[in-house]
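Before any comments, here is the structure.
The values are calculated or read from the model by the stated rules, or taken from the named source; none is laboratory data. Every value quoted in this text rests on a predicted model; they were computed, and no experiment measured them. FYI the Cβ positions are ideal-geometry reconstructions off the backbone, even for glycines, and counts take in every protein chain you see. Keep in mind that these areas ignore ligands, DNA and RNA; they rest on the heavy atoms of the full protein, side chains included. Shrake-Rupley method; radii C 1.70, N 1.55, O 1.52, S 1.80 Å.
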Amino acid sequence: MIKENLIHVEEKIREACERAGRKREEVTLIAVSKTKPVSMIREAMESRISTFGENKVQEMLEKQEMITEPLDWHLIGHLQRNKVRQITGRVKRIHSVDSLRLAEQIQNEYKKKNEMAHILMEVNIAGEETKFGLAPEETEAVIRKVAEFPNITIHGLMTIAPYVADPEENRMHFRNLHKLLVDINRKNIDNINMNELSMGMTGDYEVAIEEGATYIRVGTGIFGDRSYT
Ligand SMILES: *Cc1c(COP(=O)(O)O)cnc(C)c1O
């Protein structure tokens, strides 16, 4: 089942890249394995997937314990400051840095271990009340401050778009996130040259690719529905 799902998703990615005149290599598929067992991660690995996304620190660490093969792990969920210590050196990207305070904590903990943190800033691009993320208007100011932190590299922006029935409804939000990234890059801030856009999930990743996504985060479309019990 996972194998078939991945073939389908891969085909959709290729088609979206083609429509947008982009190369397939510009887009990295993150298989979002949250709530799913290691056996399913192994199944995806058999289809040559090596990039996985988790939203909870504890769950990610437990899965890392059980899998010895080298994989790229991406932390995509809200990160509490008191959990930062546990993830140093264990994630390829933190997608969900949503405050200056969290960035400060990341700087402190990574400095202690003499490591670099590779992050994206999460933006609440649609201004939804219930979502984490920086307001678009404050993003540049926060990035200017984080740009001075020696143990952090900001690679780009991430957003979780609204849950919508028609993915076209999110096109504007993806376009706005892309525009925000371009606008901030144009300010020529020291240490800031962002080229990653983490946007698009199962329901809307094709539109996100058309609008410039470099990371898409797909869970349900690969592993099936999640049941939270
Ligand atoms: C769960 C999750 C996803 C994947 O969602 P699907 O709709 O299952 O593809 C993507 N991004 C984040 C931040 C998530 O928490």
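Neighbours of ASN185, meaning other residues whose beta-carbon lies under 12 angstrom from its beta-carbon, give a summed charge of 0 when Lys and Arg score +1 and Asp and Glu score -1. The stretch between ALA20 and ARG226, if pulled fully straight at 0.36 nm per residue, gains 71.1 nm over its current Cα-Cα span.
Based on every Cα atom in the stretch 34-156, Rg and the maximum pairwise Cα distance Dmax equal 15.1, 43 Å.
Determine the relative contact order of the chain: mean sequence separation of Cα pairs under 8 Å and six or more apart, normalised by residue count, in whole percent.
So the answer I get is 21 percent.
A 1.4 Å probe run over the chain, with the rest of the protein chains in place, finds 51 Å² accessible per residue. Rounded to the nearest 20 debye, the dipole magnitude of the chain is 740 debye, with +1 charges on Lys and Arg beta carbons, -1 on Asp and Glu beta carbons, and the Cα centre as origin.
With the contact rule set at Cα under 8 Å and sequence spacing of 6 or more, what percent relative contact order holds for the stretch 58-115? List each step's numbers first, then the result.
Values: 42 pairs, mean separation 20.2, N = 58.
It comes to 35 percent, rounded to a whole number.
Largest first and in whole Å, what are the equivalent-ellipsoid semi-axes of the stretch 39-103 based on the Cα gyration tensor, each being the root of 5 times an eigenvalue? Mind dumping the intermediate values first?
Numbers: eigenvalues 110, 26, 17 Å².
Semi-axes (√(5λ), whole Å): 23, 11, 9.
Per residue, the average separation of C-alpha pairs within less than 8 Å and at least 6 apart gives the stretch 137-203 a relative contact order of 44 percent.
Count charges around ILE160 for me, please; just the other residues with Cβ under 10 Å from its Cβ, Lys/Arg as +1, Asp/Glu as -1.
0
Extension gain, MET116 to ARG144, is 8.3 nm, computed as 0.36 nm per intervening residue step minus the present C-alpha separation. Ligands, DNA and RNA left out, the accessible area of the chain computed with a 1.4 Å probe is 47% carbon and sulfur. Sequentially through the stretch 59-75, phi angles give Karplus couplings (6.51, -1.76, 1.60; θ = phi - 60°) of 4, 4, 5, 4, 5, 4, 4, 7, 10, 8, 4, x, 10, 8, 9, 10, 8 Hz, Gly and Pro residues having no value and appearing as x. Taking every alpha-carbon pair in the stretch 105-229 and binning the separations at 10 Å intervals from zero gives 13, 40, 31, 15, 1 percent. Simple spin-label estimate for HIS8 and ILE189 gives 4.0 nm between the two label positions (7 Å along the Cα-to-Cβ direction from each Cα). For the chain, the fraction of C-alpha pairs more than 26 angstrom apart is 35%. Between GLN80 and GLU129, the simple spin-label model (points 7 angstrom out along Cα→Cβ) gives 2.5 nm.
Could you tally the net charge around ILE2, taking each other residue with its Cβ under 11 Å from the Cβ of ILE2, Lys/Arg +1 and Asp/Glu -1? Residues near ILE2 contribute 0 overall.
Where only DSSP H runs of four or more residues are counted, the chain gives -12000 deg cm²/dmol as its mean residue ellipticity at 222 nm, each run worth -39500 (n - 2.57).
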